[in-house]
1. Given H placed 1.01 Å from N in the peptide plane, which residues other than close sequence neighbours of Thr116 have an amide H under 5 Å from its amide H?
2. With Cβ to Cβ distances under 11 Å as the rule, what net charge do the other residues near Ser230 carry (K, R +1; D, E -1)?
3. Quick query: amide H of Thr549 versus all other amide H atoms, modeled in the peptide plane; which residues come in under 5 Å with a sequence gap of 5 or more or a different chain?
4. Taking the full set of protein chains and a 1.4 angstrom probe, give the accessible area of Tyr129 in square angstrom, rounded to the nearest 10.
5. Assuming R0 = 56 Å, can you tell me the calculated FRET efficiency for the pair Leu3 and His621, based on Cβ-Cβ distance, to the nearest 0.05?
6. Can you compute the modelled spin-label distance between Glu311 and Arg670, with each label point 7 Å from Cα toward Cβ, in nm?
7. Order these peptides, 4-14, 252-262, 396-406, by their mean beta-carbon neighbour count within 10 angstrom, highest first.
8. Please list, in chain and number order, the residues 5+ apart from Leu318 or on another chain whose amide H is under 5 Å from its amide H, with Hs placed from the backbone.
Amino acid sequence: MPLQLYCEAENNALKRQLLSLLSLPNAHSKSKLQKLIPGLTKWEIDQSRAHAASHGAGSLPGPVEPGNRHRMNKEKLEHALSFFLDPKFHQICSYGTKDLHCDNGQTVTIPQVVRTTCHSSLLQMYKSYCSETGFVPLSDSTLYKILSTCSASRRTNLTGLDNIATDGAAAVDDLIKMCDQLKGLGSETNTVANLTTALKSLKMYLKSEYKFSVELSSGCQDHCLKFALSHPTNVLLQEECDHSHEEICGKCNILNEINSALFNEIQNIRTSDIAEELALTAEKALEKISEWKAHILRTQNQEEGTYRALEELQPHQLLIIMDWAMKFLPALYREKQSDFFGQKGMSWHVAVAIFRAEDGSLKHKTFNHIFGAVRQDWFAVASAIEHILKSIRVQMPGIEEVFLRSDNAGCYHCGCLWLSMHGISERTGISIVRYDFSEPQAGKSYCDAKIAHMRSKLRMFVSSGENVTTPFDMKKAIMDGSGVAGCQCAVVEVDRKNQTMTSHCIKGITNINNLAFEGDDIIAWHSFSIGIGIKIKREDVLKSEQLDTGLIILSDFEEPSKNYGVISHITKNCSVTPTSIFHCSESGCNQQFSSYQILQEHILLDRHVQEKTSTYDALRHHWSELCNSNLFISKQLVQIGRDHHTLVKNSSVEKLQQGWALKKTRKFARFSSKVKDFLHTVFQEGEESGRKAIPVEVSLSAVLSLADGYSAIYGNSCPSHILTCWGTKEHH
């Protein structure tokens, strides 16, 4: 039987497996097998006997382990790695991770790393370095493969960033550059190195950890919301602390230590003009860092209002979050060049109404008003709110109270809108209870997510061969097919003839961030839940009543096939067990285990194994170790505040004033006559030559003119101040 199967088999591996049954020395000799099977060679018989010896007669061969050949020159590889993996070319992010997938199926997790130089530039620098040192590098293709193996994110430009946070981070970078300048002016190397390290640790702390340290009540004055946001003089806007603030946060105290050490070094500069300029620059930078810190604290406090509203939301209540979307430009399936120019966008206002369902989950309905061309002011917002509440009364008759939330745009943060809420509540039968605002520059909300969904639907509609050129086309595109979950649209126009309120008498609007409406009174707070609030009698600040807004409805709301969207579900008895991978601590052992107990058994009882890996897998592991070590160093920078090493000996901790995190009143310094004459001269030169002055160039020229009578021209105005004011309208 095996002989017949051997003759019929076409696969050489199968023939070897069958022949191993016939070629056993005690069964048939080689000569007898050659007579039974014509054309059989002695080599094939030897191979079948070897198969029987290693795997067993007639058994299947075991899996073949892939062999990894190391053809790369180790010396050249180490030389390239020492250059490519230099920390100067990489930056560890304060959040996020990245997975490296090895050839053997293993996954290695590393911190999110940004490579600050593109691969081609890095390769060019390395080859230049090799030519200088007389070293022969690896080939370009191999070097590119090494860089792609040690993968990292690429640095990219960002737009629309938080102004205060960006200015604060830039101020830290400016102080780091100033430290290099101080080193050239005679400061000790160790002092400058300590300052630079402290600045980096402060920046990382503010970007990542400080917001998690903030608490409503804390023994540290840097973390206590009650202390930081209580008004220093108005008892109605104060929240009394039932504890003392004797605790000191070493990480927050880094800012005070930097302040003292930096000005000590500036005072040691012999040139008074340079010292004065550096002192002014340092003062401005430290002020921006302090504003950044206060901004983070205020943001956490204002976001607490949203969290609390969602937690305490009752079935008869709604939380409405509002925002204006960016204008939508007309989109054509086939757009001519003449259609591209002179386009006018269509305005649309989005309001997400969040409610709690019977099962306890949070759901939403999104009301989208498409205006076309409209002035985005308070009256347009009031018209939209009144129409939304009337629609909610029809679609959700059980709703009785509404909480409003929006960003700090002028159309929302307006006294006329606040005063019109009383009339809207009476006309719609739904009471507007509160109106909370987000911290300026931190107004991202659920509206942005729904706007992104609707924009995606609009792009898909155009790609299918349709055009979107009118508000009616926008509604058709968004509602096309099954629409967007929970989103409904209305095409409307604002009737300006119905606007009867034009002014009010409310003072200090810019400082108000939270409102409550109680009958005819308005309760105002500067910060959420800080104090009992200031009562504003409506009759004292109202000049004229706003009657029915009379929004013109061209196409009313239509509920989609899925008339609500789900935000979250309530899950009970749910426990999450994180998956942990334990690595053997023995150097060179590659074993991994799913539990600590198995790891201990391996260390005590098992053999340590070093698996053969490919060159590129070895690179991935080396890259992982380097990234984690750099992350450890970055975390150590953040831990500086916990150590007892200070930049200035016997430095005293500065006591913060109550309300230190409240928004400060902006002060505008007037230019002297000499500064005005200089700027006027620059402006006139631009008018005559046709080459307008660039603010950055004016600022740099001011710095360069420091040695040529800079103080005599500008007085106490620093170049950055000139740059800011030069960009304002009155100096154009």
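The values are calculated or read from the model by the stated rules, or taken from the named source; none is laboratory data. Worth saying up front: this structure is predicted, and the values here are computed from it rather than measured. A quick note on method: Cβ atoms are made from the backbone with ideal geometry, for glycine too, and the neighbour counts reach across all protein chains shown. Protein only, heavy atoms only, side chains kept; ligands, DNA and RNA dropped before computing areas. Shrake-Rupley method; radii C 1.70, N 1.55, O 1.52, S 1.80 Å.
1. Distant-sequence amide H within range of Thr116: His90, Gln91.
2. Combined, the nearby Lys, Arg, Asp and Glu give -1.
3. The list, which skips near neighbours in sequence, is empty: none.
4. Looks like 90 Å² after rounding.
5. 0.60
6. A separation of 5.1 nm, rounded to one decimal place.
7. Answer by packing, highest mean first, reads 252-262, 396-406, 4-14.
8. Excluding prolines and chain starts, which carry no amide H, the hits are Glu401, Val402, Phe403.
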